[in-house]
Structure formats: C-alpha cells, structure tokens
Amino acid sequence: MSATRFTYLGPEGTFTEAALRTLPEAATRELVPMVSVPAALDAVRNGEAAAALVPIENSVEGGVTSTLDELASGEPLMIYREVLLPIAFALLVRPGTKLSDVKTVTGHPVAQPQVRNWLRAHLPDAVWESAASNADGARLVQEGRFDAAFAGEFAAVTYGLVPLVTEIHDAENAETRFVLVGRPARPAAPTGADKTSVVLWLGDDHPGALLELLQEFAVRGVNLMLIQSRPTGEGIGNYCFAVDAEGHVSDRRVSEALMGLKRTCPQVRFLGSYPRAGVAQGDVRAPRPGTSDGDFMAASDWLTRCLDGRA
C-alpha cells in the first residue's frame, strides 16, 4: 500500500482538493486527483493510496449519493476524519467574456441547487449541463465547450480563466462535509466530541420496521445527526439507511445500540467513529440522565448482584 498517497475527487481545483489541503497530514502526502468518487475510493481498496477524501454531505442538498452508495457496497472502508468547508461559487469564464455572452454553463450536479436562484435572476436563458466536478467544468470552459462554469474562485488560475462573478450562493453559510476514508482498522480513541457512522439494512418490510431501528438509538439516548435512505439495487422498495450518530463506538450507549441493531438487522456496516469537525469537547451536550457510561456500569453491577443473590 502507498502510505504516502492520498486521492481525492478531482481534477485539480475542486472544493475537495481545497478541503484536503486543510488537513495537516496532507502536507506530507502525494495528493492524486481521481475522475470520480468510486475511482478515489477504489484506489484505497486496491492499496494504491492510504486514504481518500470525498464529499459526503451538503447543507443545501443533503447526502452525496455517490459516496453513500460506495461506502455501503463493495469491500468495506472506514471513515477516519471529517472536514467542513464553507462553499461559495465563482462564475469562471475565458478572458474577455461578458455576462451577456454566457449562453451555456456547467458545474457539478450538487452545485446547481446552490446557485439556482442566482441563475434565474442573472442568466435565465442559459443552458445548464452537468460536469463530473466543478473543476472539470472549469476545464471544459477552458476548452471552449461551455461559456462559463460554477467552481471555486481558486480554480481560475489553474485553468486560465477569470472569475466574472464571485461569492455566488443561494443559501447563506452553505457548507459541504468531506470524509477521509481508509481501509478498516481500530477506530481512533474517543475525543468526547465524536460521531459514529453506520449503514443499516431492514430485515423485512413491515409496519414500524424503520421505527424499530430508530428505537435502538432512542432508548439508549443516542442522538442521530443524519439518516438517509438509499436503494439497495434489489428492486423497488428495498432500501438501506445511512446513519450518523453522536458519540463513539466505545461509548456504552452507542455500542449497545449497535449490538441491538446487529441482532435485528440482516446487515450492519460500521463506517467508523471519528472526531466531529468544528466541535470542541466542551461544546458537546452531556448524555441524557441514565445513558452515560457510568449509568450503564451501575446497571450492570446491579444485575450482577441480582444474579449473586445480593440485590
């Protein structure tokens, strides 16, 4: 395995590259752009890279389906870090292009909902066509295939373009969450401000099936931060669920919830426990009464005394 190489959703100039470069360890790694999320993750599975950074969630559009699907299928991988990156787009054009010249625009499919209102107000007649990434859209503009691309302003220099308009976003404070993914290993030690990600499959479709899964978390006081259904590919109505929960797998409330799910679900895929980005330990709310590790240990001690006749 190449321990010195990180892959990411390319080409050069993507928001993913910008997010990756915020990680201290990126300064000592070879950063290799890949054409797609599956290609970036397959490089990790094949041992060509130690880890890959890929987008997984956007504050406007929700989960990034290509990443969720890749993590739910194929050879297992684990999430070790997450990165939050504020997102604002620039309209990149070839030098000399005016706004009135823009008839065709491109960008990543996730970008379109984030600039839809701006497009309607300023380029109502422009034709949109999606690109593999925002930076790839910039490359297509460079080649003359489109008049403009929505991408990060930092991509302009790479592709010989100029930012015609900057700070474009329909939603204030838009962010994208990225995850650093590697091969399975022991999770990092808990920090007190952690997140645990899993994928769950329903055993059979019946009234209350999803509720039964959620109750495994609820009765143990585990707060869910994301739950998204994804088709399994096995026919209409067959879904798995990507779940992010507050806490670390070593926390008793989280571990017992996962054990409960493992007993009742045909498949549970553990995607990792890792530090929450932008959250300090002191900012994490205390567990609900009855759900701390101490509470679980006290209950276990009580049961032991019952079994010993010492209750």
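Structure summary
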quantity: Any pair with Cβ under 6 angstrom, 6 or more apart, that starts in the range 211-240 at a residue that is modelled with pLDDT under 85 and ends at one that is crowded, with 17+ Cβ neighbours inside 10 Å; calculated: Thr232/Cys240
quantity: Filter result (farther than 25 Å from Gly144 by Cβ and outside any strand (DSSP E or B)) within the range 70-94; calculated: Glu70, Leu71, Ala72, Ser73, Gly74, Glu75, Pro76, Leu77, Ile87, Ala88
quantity: Checklist (1) touching an Asp or Glu at 6+ places or on another chain (Cβ under 8 Å); (2) surrounded by 19 or more Cβ atoms within 10 Å (Cβ to Cβ); (3) closer than 15 Å to Val115 by Cβ applied to Thr196, failing item; calculated: (3)
quantity: Residue list for the range 284-303, restricted to those being of a type in the set (A, V, I, L, M) and surrounded by 13 or more Cβ atoms within 10 Å (Cβ to Cβ); calculated: Val284
quantity: Only listed residue being surrounded by fewer than 24 Cβ atoms within 10 Å (Cβ to Cβ), of a type in the set (Gly, Ala, Ser) and within 26 Å of Ser59 (Cβ to Cβ), chosen from Ala111, Ala138, Ala188, Ala148; calculated: Ala188
quantity: Residue match in the range 283-302 (condition: in contact (Cβ under 8 Å) with a residue 24 or more places away in the chain and touching a strand residue (DSSP E or B) at 6+ places or on another chain (Cβ under 7 Å)); calculated: no
quantity: Matching residues in the range 117-134 - criterion: being closer than 21 Å to Ser66 by Cα and assigned to a helix (DSSP H, G or I); calculated: Asn134
quantity: Residue count, the range 1-39 (criterion: assigned to a helix (DSSP H, G or I), out of contact with any Gly (no Cβ under 8 Å at 6 or more places or on another chain) and buried (at least 24 other Cβ atoms within 10 Å of the Cβ)); calculated: 3
quantity: Filtered residues of the range 71-110 (kept if among the basic types (Lys, Arg) and under 18 Å from Phe6 (Cβ atoms)); calculated: Arg81
quantity: Residue list for the range 214-231, filter: closer than 21 Å to Gly290 by Cβ and either in a helix (DSSP H, G or I) or not aliphatic (A, V, I, L, M) (or both); calculated: Leu214, Gln215, Glu216, Phe217, Ala218, Arg220, Gly221, Asn223
quantity: Looking only at the range 236-283, and only at residues there that are under 17 Å from the mean Cα position of the chain (by Cα) and open to solvent by 40 Å² or more (accessible area, probe 1.4 Å), the one that is nearest to Phe217 (Cα to Cα); calculated: Phe270
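The rows are residues; the columns are (1) under 22 Å from Ala149 (Cα atoms); (2) of a type outside the set (Val, Ile, Thr); (3) in contact with a Ser or Thr (Cβ under 9 Å, 6 or more places away or on another chain); (4) at pLDDT 95 or above.
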site	(1), (2), (3), (4)
Ala52	no, yes, yes, yes
Gly96	yes, yes, no, yes
Leu99	yes, yes, no, yes
His108	yes, yes, yes, no
Ala121	yes, yes, no, yes
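The values are calculated or read from the model by the stated rules, or taken from the named source; none is laboratory data. In this text the structure is predicted, and so the values were computed from the model without any measurement. Note that each Cβ is placed from the backbone with ideal geometry, even for glycine, and that neighbours are counted across all protein chains shown. SASA here: full protein model, heavy atoms, side chains in, ligands and nucleic acids out. Shrake-Rupley method; radii C 1.70, N 1.55, O 1.52, S 1.80 Å.
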